[in-house]
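Notes follow the structure.
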Amino acid sequence: MADAGCIFCRIIAGEVPAQFVIGDGDVLAFLDARPLFPGHTLVVPREHVVTLPDLAPDRVEPVFATVRRVAAAVVRGLDADGSFVALNNVVSQSVPHLHVHVVPRRRKDGLRGFFWPRTKYADDAEAEAIAARVRAALDPPEG
Ligand code: AMP
């Protein structure tokens, strides 16, 4: 179902222009209007879902198969060295329609790991306690 107020639904419907890399099917790809580097592409499901956990399990493979395909194409097509693949869920997500960023990367392109400030665990016990909390929340459970 499309959401009439969603800019990406409007792009998918052809109401707002975009440069499509993949313009047909259940999963589409178009250029980000404010690219980190030329060729920065957004891969989006046609269906309006907001975050990755909202995506039905049987839709995950088509979305990420397309991400894989586009990640290869930006390198081959633009003579890049590699790519950066990212997906914001709620925090730092400025468009509430699931989209995976596929950004062509070149060595020394200045992106420097996306400016992520890194932290540390106090010790192994703290790391294990955090891992245990995430393990306990897995749905379906592990094992
Ligand atoms: P995020 O901040 O992770 O939600 O990413 C949203 C992305 O959508 C940003 O990189 C924007 O530049 C991009 N964007 C927003 N509006 C448009 C548009 N009309 N066409 C193409 N890209 C857009």
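The values are calculated or read from the model by the stated rules, or taken from the named source; none is laboratory data. This one's a predicted model, so the numbers in the text were calculated from it and none came from an experiment. All Cβ positions, glycine included, derive from the backbone under ideal geometry; neighbour counts span all protein chains shown. The protein model used for the area step is the full one, side chains on, heavy atoms only, and it has no ligands, DNA or RNA in it. Shrake-Rupley method; radii C 1.70, N 1.55, O 1.52, S 1.80 Å.
Restricting attention to region 13-22, the residues that are within 11 Å of the ligand (Cβ to nearest atom) and buried (at least 19 other Cβ atoms within 10 Å of the Cβ) add up to 1. V67 meets each of the listed conditions (1) touching a residue at least 12 places away in the same chain (Cβ under 8 Å); (2) open to solvent by 50 Å² or more (accessible area, probe 1.4 Å); (3) under 12 Å from the mean Cα position of the chain (by Cα) apart from (2). Among the residues making up region 40-59, those that are open to solvent by less than 30 Å² (accessible area, probe 1.4 Å), within 13 Å of the ligand (Cβ to nearest atom) and either more than 30 Å from R112 (Cβ to Cβ) or assigned to a loop (DSSP other than H, G, I, E, B) (or both) are H40, T51. Selection of region 30-39 for residues being away from the ligand (no atom under 11 Å from the Cβ) and buried (at least 20 other Cβ atoms within 10 Å of the Cβ) yields only G39.
Going by the structure shown, is G25 more than 10 Å from the ligand (Cβ to nearest atom), modelled with pLDDT of 95 or more and on the phi > 0 side of the Ramachandran plot? In short, yes. Mind listing whichever residues of region 97-121 are farther than 16 Å from A80 by Cβ and open to solvent by less than 90 Å² (accessible area, probe 1.4 Å)? Across region 97-121, the qualifying residues are H97, L98, H99, V100, G113, F114. Quick one: what pairs do we get from region 76-105, first residue touching a residue at least 60 places away in the same chain (Cβ under 8 Å) and in a loop (DSSP other than H, G, I, E, B), second open to solvent by less than 50 Å² (accessible area, probe 1.4 Å) and away from the ligand (no atom under 12 Å from the Cβ), C-beta under 8 Å, 6+ apart or different chains? Once the first residue is touching a residue at least 60 places away in the same chain (Cβ under 8 Å) and in a loop (DSSP other than H, G, I, E, B) and sits in region 76-105, its partners that are open to solvent by less than 50 Å² (accessible area, probe 1.4 Å) and away from the ligand (no atom under 12 Å from the Cβ) give H97/H48; H97/V49.
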